[in-house]
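Take a look at the structure below.
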Amino acid sequence: MPRILLTTTSFQDTPGSHHAMLEAAGFEILRERGPLSEETMLRLVGGLDGLLCGDDAITARVIEKALPRLKVISKYGIGLDKIDVKHATKLNVPVLFTPGVNHTTVAEHTFALLLALQRRVVELSNYVHAGSWKRVTGHELMGSTLGIVGLGRIGKEVALRAKAFGMNLVGYGNYWEDDFAASVGLKRCKTIDELISQANIITLHTKLTDETRGMFDAKRLNNLRPDTVIVNCARGEILDTAALVAALASGKLAGYAADVMDQEPPPADHPLLKAKNCIITPHVGSRTHENVQRQATMAVENIVRFFRGEKPLAQANVTK
């Protein structure tokens with residue numbers, strides 16, 4: 001009987017058929033509440049055949065400690081930056097993942113954050129709950145220019161919704177579909193700096209890589225147009241946190257809304273937690289009842305297929 005570690009909290013906390021599907025697989029299941037640190041993962045691995053993980057630190061050290069028993073890593077989600085995929089590939093450990101299931105949900109959360117930011121929803125609600133009928137003036141989305149960084153599945157879904165709001169669209173990214181861009185009126189920018197010069201709303205949907213880490217540094221944040229806001233449903237490390245906090249404090253950046261942080265969960269003294277005009281949600285962009293079941297079902301099916309000797313639905317690396 002394969003012994004697997006299940007860490008993702010949305011999988012565990014959300015009811016649905018994925019629970020019965022996992023139980024029926026016949027695994028011995030060890031349950032923990034992630035995301036887990038490298039230290040915790042090092043303590044747990046060694047006696048595990050598989051990992052069904054969220055955003056846990058699966059580093060080279062963890063993978064090596066998990067061998068020779070570890071046979072497979074099944075990621076619940078699409079972001080692989082917490083997994084040392086290169087090292088897993090070197091050691092012939094398959095990394096499975098779940099592309100194509102969460103783009104609708106994350107795009108909707110992007111607009112939830114954007115509307116909350118531009119219409120001051122959190123601030124206004126807090127006033128009313130505190131017994132005050134204080135009213136402040138927000139901004140419309142219609143007529144503004146939205147710059148989309150990353151035009152994969154999620155970025156495209158954001159573009160479709162932005163068009164419905166009557167926004168002007170510019171985009172930057174390695175992946176580009178000319179027909180789609182033409183259908184929504186999306187103009188391609190050759191550089192991120194060209195996008196910054198045109199957009200007053202920027203939304204991030206790109207992977208965290210060596211190229212994108214710290215992409216929005218102090219220089220770029222200082223070059224923003226007046227009244228620019230940024231929405232981040234990608235990864236916190238795409239922005240330089242110190243520069244981001246400084247830009248919010250100075251007013252150079254008019255607002256920031258994010259579902260991700262550079263430290264998750266953040267320490268109590270994290271500077272973004274007290275930054276002005278800043279809304280943070282706890283990495284729940286893909287956490288809807290509908291999507292959890294889609295994503296969990298695919299993650300379970302991936303790992304079940306692997307242990308049956310069948311081809312998984314999606315594998316991120318090439319192994320022997």
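The values are calculated or read from the model by the stated rules, or taken from the named source; none is laboratory data. Remember, it's a predicted structure, so these values are computed and weren't measured experimentally. Every residue, glycine as well, gets a Cβ built from its backbone with ideal geometry; the counts of neighbours run over all protein chains shown. Just so you know, the surface numbers come from the protein's heavy atoms only, side chains and all, with ligands and any DNA or RNA stripped out. Shrake-Rupley method; radii C 1.70, N 1.55, O 1.52, S 1.80 Å.
Here M1 fulfils each of the conditions (1) closer than 18 Å to Q315 by Cα; (2) at pLDDT below 95; (3) out of contact with any Pro (no Cβ under 6 Å at 6 or more places or on another chain) apart from (1). Taking first residues from region 55-80 that are at positive phi and partners that are in a helix (DSSP H, G or I) and not charged (D, E, K, R), the Cβ contacts under 9 Å between residues at least 6 apart in sequence or on separate chains come to G77/Q295; G77/A299.
For region 88-118, the tally of residues that are open to solvent by less than 30 Å² (accessible area, probe 1.4 Å) and either of a type in the set (F, W, Y) or farther than 26 Å from G143 by Cβ (or both) stands at 10. Looking for something at pLDDT 95 or above, part of a helix (DSSP H, G or I), under 22 Å from the mean Cα position of the chain (by Cα) and aliphatic (A, V, I, L, M) - is there at least one such residue anywhere in region 63-83? Taking every residue of region 63-83 in turn, none turns out to be at pLDDT 95 or above, part of a helix (DSSP H, G or I), under 22 Å from the mean Cα position of the chain (by Cα) and aliphatic (A, V, I, L, M).
Pairing each residue of region 133-149 that is at negative phi and among the basic types (K, R) with any residue that is surrounded by 10 or more Cβ atoms within 10 Å (Cβ to Cβ) and not in a loop (DSSP other than H, G, I, E, B), provided the two are 6+ apart or on different chains, yields C-beta distances under 7 Å for K134/Y127. The number of residues in region 63-87 being surrounded by fewer than 22 Cβ atoms within 10 Å (Cβ to Cβ), over 12 Å from A316 (Cα atoms) and not charged (D, E, K, R) comes to 3. Inspection of region 126-135 identifies no residue that is open to solvent by 40 Å² or more (accessible area, probe 1.4 Å) and under 20 Å from the mean Cα position of the chain (by Cα). When you look at V93, is it in a loop (DSSP other than H, G, I, E, B) and touching a Ser or Thr at 6+ places or on another chain (Cβ under 9 Å), yes or no? So V93 fits the description; yes.
Taking the conditions exactly as written (in contact with a helix residue (DSSP H, G or I) (Cβ under 9 Å, 6 or more places away or on another chain), surrounded by fewer than 22 Cβ atoms within 10 Å (Cβ to Cβ) and in contact (Cβ under 8 Å) with a residue 12 or more places away in the chain), does V292 satisfy them or not?
So V292 fails the test.
One residue alone among K207, K320, K219 is in a loop (DSSP other than H, G, I, E, B) and either touching a strand residue (DSSP E or B) at 6+ places or on another chain (Cβ under 9 Å) or more than 21 Å from T110 (Cα to Cα) (or both), and that residue is K320.
In region 46-62, the qualifying residues are those that are more than 23 Å from the chain's Cα centre (by Cα) and open to solvent by 10 Å² or more (accessible area, probe 1.4 Å), and the one that is nearest to H283 (Cα to Cα) is R61.
Considering only residues in region 1-38 that are more than 23 Å from the chain's Cα centre (by Cα) and acidic (D, E), the one that is nearest to L67 (Cα to Cα) turns out to be E28. Within region 172-189, residues that are on the phi < 0 side of the Ramachandran plot have Cβ atoms under 8 Å from residues that are assigned to a strand (DSSP E or B) and open to solvent by 70 Å² or more (accessible area, probe 1.4 Å) in these pairs: Y172/R188; W176/R188; A181/K187; A181/R188, counting only partners at least 6 apart in sequence or on another chain. For A234, the criteria (1) in a loop (DSSP other than H, G, I, E, B); (2) in contact (Cβ under 8 Å) with a residue 12 or more places away in the chain; (3) surrounded by fewer than 20 Cβ atoms within 10 Å (Cβ to Cβ) hold in every case but one, which is (3). Considering only residues in region 247-271 that are out of contact with any Lys or Arg (no Cβ under 8 Å at 6 or more places or on another chain) and among the aliphatic types (A, V, I, L, M), the one that is nearest to L80 (Cα to Cα) turns out to be M261.
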